[in-house]
Amino acid sequence: MPPIRTILAIGIGSGDPEQVTVQAVRALNRADVFFELEKRAGPEDLVALRRAICERYIEDPSYRVVSVPDPPRDLSGSSYGADVAAWHEARVALYESLLLDSLADGEVGAFLVWGDPALYDSTLRILDQVAARGTVDLSVEVIPGISSIQALAAAHRIALHGVGRPVHVTTGRRLATDGWPPGVDDLVVMLDRDCTFTRIDPDGVTIYWGAYLGTPDEILMSGPLADVAAGIEAVRAEARARKGWMFDTYLLRRGE
Ligand SMILES: C[S@@+](CC[C@H](N)C(=O)[O-])C[C@H]1O[C@@H](n2cnc3c(N)ncnc32)[C@H](O)[C@@H]1O
């Protein structure tokens with residue numbers, strides 16, 4: 001029989017330690033080991049915030065932190081899908097060895113997931129793939145978190161869609177390749193390194209943009225896209241250069 005491991009994927013919110021839910025605090029206090037993937041050029045602030053959350057909410061400080069370098073991600077090949085798959089495969093092998101080597105039988109391991117684990121995060125998919133290898137029997141529990149989308153809407157004090165209307169969530173890359181999806185007036189865009197909002201037809205579109213949401217460096221800008229796109233692009237570039245990293249999310253709304 002393969003060894004059994006209990007793993008918690010804990011959503012920790014998108015930047016404000018006060019977004020950590022009561023359910024997450026309980027989960028944090030069950031974990032014996034926290035696994036941490038170090039990004040090579042990753043934002044120190046995010047690592048610091050994860051540690052601050054542990055220090056603030058965990059009552060018994062005898063937990064262990066196991067840090068390993070995140071496998072390098074090379075997305076420069078001809079196939080984005082194949083590149084991502086290769087990177088995921090490397091992560092699956094890494095997670096498998098972490099769970100087998102750094103966690104004893106009966107112990108509980110945890111991954112702190114930025115925002116909500118269900119949204120543009122690979123933790124759950126990777127854990128599924130580890131389980132599929134059959135070398136370890138996983139019991140995974142997911143604790144939802146406040147996503148950056150919720151933080152964006154709250155910061156701008158808006159609902160994400162019109163009454164009874166859909167809202168579409170996508171990435172900058174998909175918006176650039178696929179364009180504005182049909183039948184949708186409200187479009188949330190994440191993971192956009194290229195300010196794709198500057199390349200769509202701004203006619204009748206309003207943007208609600210937020211960077212570093214929930215953190216002391218939060219920046220909010222909004223208005224008719226035609227009027228504010230260039231300003232957002234400039235503010236974003238300045239902030240990114242100053243801090244060395246950028247997290248931003250925005251809502252594009254047609255026909256307001
Ligand atoms: C890998 S995804 C993780 C999303 C996360 N699971 C969530 O629920 O928000 C990273 C992207 O989320 C968005 N994001 C995460 N935290 C953010 C924040 N504090 N402010 C603005 N955008 C954020 C950005 O679009 C960033 O590129």
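The set of residues in region 198-214 being aliphatic (A, V, I, L, M) and either part of a loop (DSSP other than H, G, I, E, B) or within 18 Å of the chain's Cα centre (by Cα) (or both) consists of ILE200, ALA211, LEU213.
Please determine, by comparing only the residues of region 1-42 that are away from the ligand (no atom under 16 Å from the Cβ) and part of a loop (DSSP other than H, G, I, E, B), which one is farthest from GLU218 (Cα to Cα). First the steps, then the outcome.
First, pick out the residues of region 1-42 that are away from the ligand (no atom under 16 Å from the Cβ): 1-7, 22, 25-35.
This time we only want the ones that are part of a loop (DSSP other than H, G, I, E, B), so: 1-3, 29-32.
Numbers: MET1: 49, PRO2: 46, PRO3: 44, ASN29: 29, ARG30: 31, ALA31: 30, ASP32: 33 Å.
If we take residues in region 1-42 being away from the ligand (no atom under 16 Å from the Cβ) and part of a loop (DSSP other than H, G, I, E, B), then MET1 is farthest from GLU218 (Cα to Cα).
Scanning region 1-24 for residues that are within 19 Å of the chain's Cα centre (by Cα), aliphatic (A, V, I, L, M) and over 23 Å from ARG125 (Cβ atoms) yields a single hit, VAL20. Scanning region 230-256 for residues that are near the ligand (Cβ under 9 Å from one of its atoms) and out of contact with any Lys or Arg (no Cβ under 7 Å at 6 or more places or on another chain) yields PHE247, THR249, TYR250. For region 122-135, filtered to residues that are surrounded by 19 or more Cβ atoms within 10 Å (Cβ to Cβ) and more than 16 Å from the ligand (Cβ to nearest atom), the residue that is farthest from the chain's Cα centre (by Cα) is ALA131. Taking the criterion of being more than 11 Å from the ligand (Cβ to nearest atom) and either aliphatic (A, V, I, L, M) or not in a strand (DSSP E or B) (or both), the residues of region 215-224 that qualify are PRO216, MET221.
Given the options LEU138, LEU103, LEU99, name the one that is more than 18 Å from GLN19 (Cβ to Cβ), part of a loop (DSSP other than H, G, I, E, B) and away from the ligand (no atom under 12 Å from the Cβ). Step through it out loud before you land on a result.
Details: LEU138 fails: part of a loop (DSSP other than H, G, I, E, B); LEU99 fails: part of a loop (DSSP other than H, G, I, E, B).
Answer to the check: LEU103.
The residue of region 141-150 that is nearest to the ligand (Cβ to nearest atom), among those that are assigned to a loop (DSSP other than H, G, I, E, B) and buried (at least 21 other Cβ atoms within 10 Å of the Cβ), is SER147.
When restricted to residues that are assigned to a loop (DSSP other than H, G, I, E, B), touching a Gly at 6+ places or on another chain (Cβ under 7 Å) and surrounded by 19 or more Cβ atoms within 10 Å (Cβ to Cβ), region 151-197 contains 1.
The conditions of being touching a strand residue (DSSP E or B) at 6+ places or on another chain (Cβ under 6 Å) and at pLDDT below 95 are met by THR123.
None of ASP185, ASP227 is away from the ligand (no atom under 16 Å from the Cβ), among the acidic types (Asp, Glu), over 20 Å from SER14 (Cα atoms) and touching a strand residue (DSSP E or B) at 6+ places or on another chain (Cβ under 9 Å) except ASP185.
The combined condition, being more than 24 Å from VAL130 (Cβ to Cβ) and of a type outside the set (A, V, I, L, M), is not fulfilled by GLU96. Restricting the first member to region 222-237 and to residues that are farther than 11 Å from CYS195 by Cα, and the second to residues that are surrounded by 14 or more Cβ atoms within 10 Å (Cβ to Cβ) and among the polar types (S, T, N, Q), the beta-carbon pairs closer than 6 Å and six or more apart or on different chains are PRO224/THR206.
Taking the criterion of being of a type outside the set (Phe, Trp, Tyr), within 16 Å of the ligand (Cβ to nearest atom) and touching an Asp or Glu at 6+ places or on another chain (Cβ under 9 Å), the only residue of region 86-96 that qualifies is ARG91.
Could you go through region 197-211 and let me know if any residue there is closer than 18 Å to TRP114 by Cα and within 10 Å of the ligand (Cβ to nearest atom). Step through it out loud before you land on a result.
We begin by selecting, within region 197-211, every residue closer than 18 Å to TRP114 by Cα; these are 210-211.
Next, from what is left, pick out any that are within 10 Å of the ligand (Cβ to nearest atom): 210-211.
Looking through region 197-211, at least one residue is closer than 18 Å to TRP114 by Cα and within 10 Å of the ligand (Cβ to nearest atom).
When the criteria are applied in full, VAL84 fails the requirement of being within 18 Å of the chain's Cα centre (by Cα), closer than 23 Å to ASP16 by Cα and free of Cβ contacts under 8 Å to residues at least 24 places away in the same chain.
The values are calculated or read from the model by the stated rules, or taken from the named source; none is laboratory data. Keep in mind it's a predicted model, so treat the numbers as computed, not measured. Quick reminder, even Gly has a Cβ in these numbers, built from the backbone with ideal geometry, and neighbours come from all protein chains shown.
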